[in-house]
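Below is one structure, written out as structure tokens; the observations come after it.
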Amino acid sequence: MTFATVMVSLALSQPNEARLRVAADLAARFDAAVIGVAAAEFAPPLYFTTGEQAQDLIEQGEAALRNRLAELEQEFRTAVGDRAASLSWRSAVDFPARYVLAQARAADILVTGGVPPGVSDAFAVANPKDLVMQAGRPLLVVPDNVSSLDLGTVLVAWKETPEARRALADALPLLATASGVVVAEIPENTSEYDACEARLADVVAWLGRHKIVASARIAEPGPGRNVAATLDAVAADVSAGLVVAGAYGHSRFRELVLGGVTEHLMTRSERCVLLSH
């Protein structure tokens, strides 16, 4: 169980230090190669003109993007350095999500940053909400406040969905190196407790057959707490440095409109989150 190649997606207009530190930690832990990737597309201003003047404007904008991409490459190489088995860089003037998704074929895991609520600039940001839906790879979302990849305790947010099963399987290399693993389920009502216990027992036993010792926990939402807030409380209680969860167990539209755990983990989490869809 290992990650042979880590890919880290850099942003042009957001901090990259935390995600680079975590990518370097993964590389050192698994003796992995690291691929840095970044892209952006020139966004014409609202007062966009035509003809020769327009062409000059486009060329200037794209030149500025290339200069910024070159700066990001240097930032990537300096931050990861000799902690990786090998380093390589990929960049383009292109829509960032489209470009990063195409490159994800070369990696075992994709590292990116979170996004503030409401941020959606398709010209400049490879939004993790798009990446997790289409990459076909586990996505490790790193908040800007994270200083390193903390695998002291990993919290697995269990739910009886294909996405949760996939996330658990994708996380095996990390779980195998963690000091402790807690598998938690948040039941919708008290009548589910027996079913929750049976499900968690199966998951803990399955992990045991992979030589991973885990404990089970049923977490009941407290007064005024939704599922996301309860998950945060459990993570804090067990001092989890990483949360593993399936992404968009409900439809993405429903989560974006009504809110949900995936949306919360990508925009408000204070710890690293591994997501799979």
Checklist entry - Within segment 25-38, is there a residue that is in the same structural domain as residue 109 (by TED's automatic domain parsing), in contact with a helix residue (DSSP H, G or I) (Cβ under 7 Å, 6 or more places away or on another chain), touching a residue at least 60 places away in the same chain (Cβ under 8 Å) and not hydrophobic (A, V, I, L, M, F, W, C)? => result yes
Item to check | In segment 161-197, the residues that are in contact with a Cys (Cβ under 6 Å, 6 or more places away or on another chain) and modelled with pLDDT of 95 or more | outcome: 185
Checklist entry - Can you find even one residue in segment 145-160 that is touching a His at 6+ places or on another chain (Cβ under 7 Å) and either modelled with pLDDT under 95 or assigned by TED's automatic domain parsing to the domain that holds residue 231 (or both)? => result no
Checklist entry - Out of all the residues in segment 74-89, which are surrounded by fewer than 17 Cβ atoms within 10 Å (Cβ to Cβ), at negative phi and in a helix (DSSP H, G or I)? => result 74, 75, 77, 78, 82
Next on the checklist: Filter segment 33-73 down to the residues that are at pLDDT below 95, among the charged types (D, E, K, R) and surrounded by 11 or more Cβ atoms within 10 Å (Cβ to Cβ) and list them by number.
Outcome noted: 41, 56, 59, 62
Checklist entry - What pairs come up if the first residue lies in segment 89-106 and is of a type outside the set (D, E, K, R), the second is assigned to a helix (DSSP H, G or I), and their beta carbons are under 6 Å apart, counting only those six or more places apart or on different chains? => result 89/73; 91/69; 92/99; 93/62; 93/65; 97/130; 101/134
Item to check | Enumeration of residues in segment 237-249 that are within 19 Å of the chain's Cα centre (by Cα) and free of Cβ contacts under 8 Å to residues at least 40 places away in the same chain | outcome: none
Checklist entry - Does any residue of segment 156-179 turn out to be farther than 22 Å from residue 265 by Cβ and β-branched (Val, Ile, Thr)? => result no
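Residues checked against (1) in contact with a strand residue (DSSP E or B) (Cβ under 8 Å, 6 or more places away or on another chain); (2) under 17 Å from residue 272 (Cβ atoms):
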| position | (1), (2) |
| --- | --- |
| 162 | yes, no |
| 188 | no, no |
| 200 | yes, no |
| 203 | yes, no |
| 209 | no, no |
| 233 | no, no |
| 239 | yes, yes |
| 244 | yes, yes |
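The values are calculated or read from the model by the stated rules, or taken from the named source; none is laboratory data. Since this is a predicted model, take the numbers as computed values, not measurements. Note: ideal-geometry Cβ built from the backbone for every residue, glycine included; neighbour counts use all protein chains shown.
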